[in-house]
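**Student:** After the structure tokens below, expect a handful of questions from me.
The values are calculated or read from the model by the stated rules, or taken from the named source; none is laboratory data. Computed from a prediction, not measured in an experiment: that's the story for all the values here. Virtual Cβ from ideal backbone geometry, glycine too; neighbours counted across all protein chains shown.
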């Protein structure tokens, strides 16, 4: 399947010729074949996209429409994406190797769910509120923050894009979406769906660019807000750049999430849940539970059960609906993960499952689903985000030590607690310094805020809180008679 768009960007409501001949080749991490080619944005292309977004925000109809009018167009956008959902899933699978069963549910499906959720929550969000007091009366108004640079990663390009696009568009912002060069093709579906829906020109613009041009985008004087999802190292750089200009930013960054297994947890169901929670997206998800912190009395039984689950994971062609684990996104990523596996061995951890290339898969960027035991929390594989199908099992004596180990991390994005007693699990969960915790495998859904503590980011996405990132607040002092009329 070839998905070329080698010479154009979606800017100002049209496919516009790129200003240079530079391109990115997108290569299948499974077959090594060329999947497609996209233009590589120059600073002139970034300027054009920002100009279009600026014009659409400053002079166009979008921010001046009612919420209901914008919502109608966003619903049409959603309908177009729903009709295109199978091809969206196929595109993400082709460009980055995530199994089709996962991209169907958690890329195409999640994008639709995020649009539905944001359309619902937009009606509940406090866009205007009257606050009366003895000292005065205020009308507090939340309004669109302006032009947004939305920078998305390669691992979940469509769902992460929608975490930003859905609330930003409903709020009345205009957007420049900057996909990763590793997975840019799926964003073409967003452009087509927006154009067919009649979203006004310049409201959504899409430019794929390399690092220098991406930095140019996030420092562009025409950009009011940067919303970034990606590595902590890149997030630090963006925060520094935005800080120089006091530009607003939201960062959703890396994770090294811990799953705590208490001494009364059901071993079979816990191991089965971790099969999914630790290896989603071929291990390339920042919320994956990559540290398994288990009370010592349960350690051997959990390791045996988890080893059985990991060994049963179906590895292979990501376009096969039966596949659970596909290749990593690139040769560079595979080399990086293999380096962490060597570091684990060098530092004394025991390789219990995996650690190499899956049998019978001599081509493609594959790494076996891997489990280390005998890990201590000071080891590299317990401290650093590997971003591959590798988990570290850490044995602890009691609940207090489990919590201390889980919290002893630079990251604080996600976590999990397993216990036969939901209330006991919840008590432990509340002690974790992390943005979300899944209690006995229960998902938070998209009505809840997503984001992290510490080096896992700044700000929140999804839920009602997701709109906060794309609004500014103005408080109007109003006379008592006007306050009475507004009440």
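**Student:** Is it the case, given these coordinates, that residue 291 is outside the structural domain of residue 153 (by TED's automatic domain parsing) and touching a helix residue (DSSP H, G or I) at 6+ places or on another chain (Cβ under 7 Å)? Full working, then the answer.
**Tutor:** Working: outside the structural domain of residue 153 (by TED's automatic domain parsing): yes; touching a helix residue (DSSP H, G or I) at 6+ places or on another chain (Cβ under 7 Å): yes.
So residue 291 fits the description; yes.
**Student:** Do we have residue 478 as crowded, with 17+ Cβ neighbours inside 10 Å, over 15 Å from the mean Cα position of the chain (by Cα) and under 30 Å from residue 133 (Cα atoms) here? Reasoning before the result, please.
**Tutor:** On the way: crowded, with 17+ Cβ neighbours inside 10 Å: yes; over 15 Å from the mean Cα position of the chain (by Cα): yes; under 30 Å from residue 133 (Cα atoms): yes.
Yes, satisfied.
**Student:** For the structure I just gave you, tell me whether residue 117 is surrounded by 17 or more Cβ atoms within 10 Å (Cβ to Cβ), part of a helix (DSSP H, G or I), in the same structural domain as residue 469 (by TED's automatic domain parsing) and free of Cβ contacts under 8 Å to residues at least 24 places away in the same chain.
**Tutor:** Values: surrounded by 17 or more Cβ atoms within 10 Å (Cβ to Cβ): yes; part of a helix (DSSP H, G or I): yes; in the same structural domain as residue 469 (by TED's automatic domain parsing): yes; free of Cβ contacts under 8 Å to residues at least 24 places away in the same chain: no.
Criteria not met by residue 117.
**Student:** Shifting gears a bit: Confirm whether residue 449 is touching a strand residue (DSSP E or B) at 6+ places or on another chain (Cβ under 8 Å), surrounded by 17 or more Cβ atoms within 10 Å (Cβ to Cβ) and free of Cβ contacts under 8 Å to residues at least 24 places away in the same chain.
**Tutor:** Details: touching a strand residue (DSSP E or B) at 6+ places or on another chain (Cβ under 8 Å): yes; surrounded by 17 or more Cβ atoms within 10 Å (Cβ to Cβ): yes; free of Cβ contacts under 8 Å to residues at least 24 places away in the same chain: yes.
Yes, satisfied.
Conditions (1) surrounded by 21 or more Cβ atoms within 10 Å (Cβ to Cβ); (2) assigned to a strand (DSSP E or B), marked per residue:
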{"site": "235", "(1), (2)": "yes, no"}
{"site": "238", "(1), (2)": "yes, no"}
{"site": "243", "(1), (2)": "no, no"}
{"site": "250", "(1), (2)": "yes, yes"}
{"site": "313", "(1), (2)": "no, no"}
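**Student:** Only one of these is in the same structural domain as residue 343 (by TED's automatic domain parsing), closer than 24 Å to residue 98 by Cα, at pLDDT 95 or above and surrounded by 18 or more Cβ atoms within 10 Å (Cβ to Cβ): 387, 418. Name it.
**Tutor:** Working: 418 fails: closer than 24 Å to residue 98 by Cα.
Just one listed residue meets the conditions, 387.
**Student:** Tally up the residues in the stretch 265-285 that are assigned to a loop (DSSP other than H, G, I, E, B), under 22 Å from residue 426 (Cα atoms) and out of contact with any helix residue (DSSP H, G or I) (no Cβ under 8 Å at 6 or more places or on another chain), please.
**Tutor:** First, the residues of the stretch 265-285 that are assigned to a loop (DSSP other than H, G, I, E, B): 265-266, 278-279, 284-285.
From what's left, under 22 Å from residue 426 (Cα atoms): 265-266, 278.
Keeping just the survivors that are out of contact with any helix residue (DSSP H, G or I) (no Cβ under 8 Å at 6 or more places or on another chain) gives 266, 278.
Going through the stretch 265-285 one residue at a time, the tally reaches 2.
**Student:** Which of the following residues is under 30 Å from residue 398 (Cβ atoms) and within 24 Å of the chain's Cα centre (by Cα): 306, 262, 277, 251? Even if it seems obvious, please write down each step before you answer.
**Tutor:** Values: 306 fails: within 24 Å of the chain's Cα centre (by Cα); 262 fails: within 24 Å of the chain's Cα centre (by Cα); 251 fails: under 30 Å from residue 398 (Cβ atoms).
Sole residue among the options that is under 30 Å from residue 398 (Cβ atoms) and within 24 Å of the chain's Cα centre (by Cα): 277.
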